[in-house]
Amino acid sequence: MRHYHIFYLLWPYKNFVHSITSDNGSEFYEHQSIAKNLDTKYFFAHPYSSWERGLNEYTNKLIRQYIPKKQTFINYDDNTVKFIQYKINRRPRKLLNFDTPLARFFQEINKPVAFNT
């Protein structure tokens, strides 16, 4: 059922999801269904090649400031996870010229799109 959660989180942004890259974890066993329903490509990083998912690894590092490495997310309720998400998405990033991921996300989503006709 976990794949439905990923699908529903991404569905509102379907037009902006060009590809998904994940590791080879069993939680992504429904990758074909996710890719099909979002009309996107799904890629897997090579085992032990964390550099292929750099932003993901950096985000994991930020999450681990709140959830220690040996603990799983199962030990945390939805409100705690949402709080961590809230904090991380409002933290300025050097890579974003000290903008926050949240602000940059909405800047990109709200950009006008020119169509070639």
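No value in this document is a laboratory result; all are computed from the given coordinates. A quick note: this is a predicted structure, and the numbers were derived from the prediction, not measured. Cβ placement follows ideal geometry from the backbone for every residue including glycine, while neighbour counts extend to all protein chains displayed.
If you plug each phi of the stretch 87-103 into the Karplus form 6.51 cos²θ - 1.76 cosθ + 1.60 with θ = phi - 60°, what whole-Hz ³J(HN,Hα) values come out, in order, with x for Gly and Pro?
Each residue of the stretch 87-103 in turn: 5, 5, 6, 10, 8, x, 10, 4, 4, 9, 6, 6, 8, 9, x, 4, 4 Hz.
For the chain, set up a GNM with springs between Cα atoms under 10 Å and report which of THR80, THR59, THR72 has the largest fluctuation.
THR72
Taking θ as phi - 60°, what are the ³J(HN,Hα) couplings along the stretch 34-48 by the Karplus curve (6.51, -1.76, 1.60), each to the nearest whole Hz, with x for Gly and Pro?
Computed from phi, the couplings for the stretch 34-48 are 4, 4, 5, 5, 9, 6, 9, 9, 10, 10, 10, 6, 5, x, 6 Hz.
What list of ³J(HN,Hα) values in whole Hz, one per residue of the stretch 8-20 in order, does the Karplus curve 6.51 cos²θ - 1.76 cosθ + 1.60 (θ = phi - 60°) give from phi, with Gly and Pro shown as x?
5, 5, 8, 3, x, 10, 3, 5, 9, 8, 8, 6, 10
What pairs in LYS41/LYS69; LYS41/LYS61; LYS36/LYS69; LYS36/LYS87; LYS61/LYS82; LYS14/LYS69 have C-alpha atoms more than 28 Å from each other?
Working: LYS41/LYS69 30 Å; LYS41/LYS61 26 Å; LYS36/LYS69 33 Å; LYS36/LYS87 32 Å; LYS61/LYS82 17 Å; LYS14/LYS69 31 Å.
From the list (LYS41/LYS69; LYS41/LYS61; LYS36/LYS69; LYS36/LYS87; LYS61/LYS82; LYS14/LYS69), the Cα-Cα distance tops 28 Å for LYS41/LYS69; LYS36/LYS69; LYS36/LYS87; LYS14/LYS69.
What is the chain by shape, rounded, prolate or oblate, if you read a ≥ b ≥ c off the alpha carbon gyration tensor as root eigenvalues and call it rounded for a/c under 1.5, prolate for a/b larger than b/c, and oblate otherwise?
oblate
Only Cα pairs under 8 Å and at least 6 apart count here; give the relative contact order of the chain as a rounded whole percent.
Computed value for the chain: 16 percent relative contact order.
The stretch 13-117: which trypsin sites (Lys or Arg not before Pro) are DSSP loop and have at most 12 other beta-carbon atoms within 10 angstrom? Present the calculation step by step, with values, prior to reporting the outcome.
Values: sites: LYS14, LYS36, LYS41, ARG53, LYS61, ARG64, LYS69, LYS70, LYS82, LYS87, ARG90, ARG93, LYS94, ARG104; in loops: ARG64, LYS69, LYS70, ARG90.
In loop regions of the stretch 13-117 (DSSP not H, G, I, E or B), the sparsely surrounded trypsin sites (Lys or Arg not before Pro) are ARG64, LYS69, LYS70, ARG90.
Once Rh is set to the Kirkwood radius over Cα pairs, what Stokes-Einstein translational diffusion coefficient, in µm²/s, holds for the stretch 49-117 at a temperature of 20 °C and a viscosity of 1.002 mPa s? Don't skip to the end; give the middle numbers.
Working: Rh = 14.2 Å.
Taking Rh from Cα pairs, D becomes 151 µm²/s.
What is the set of long-range amide H partners of THR21 at a cut-off below 5 Å, with H atoms built 1.01 Å from backbone N?
Residues meeting the criterion, in which the H sits 1.01 Å from N, are PHE43.
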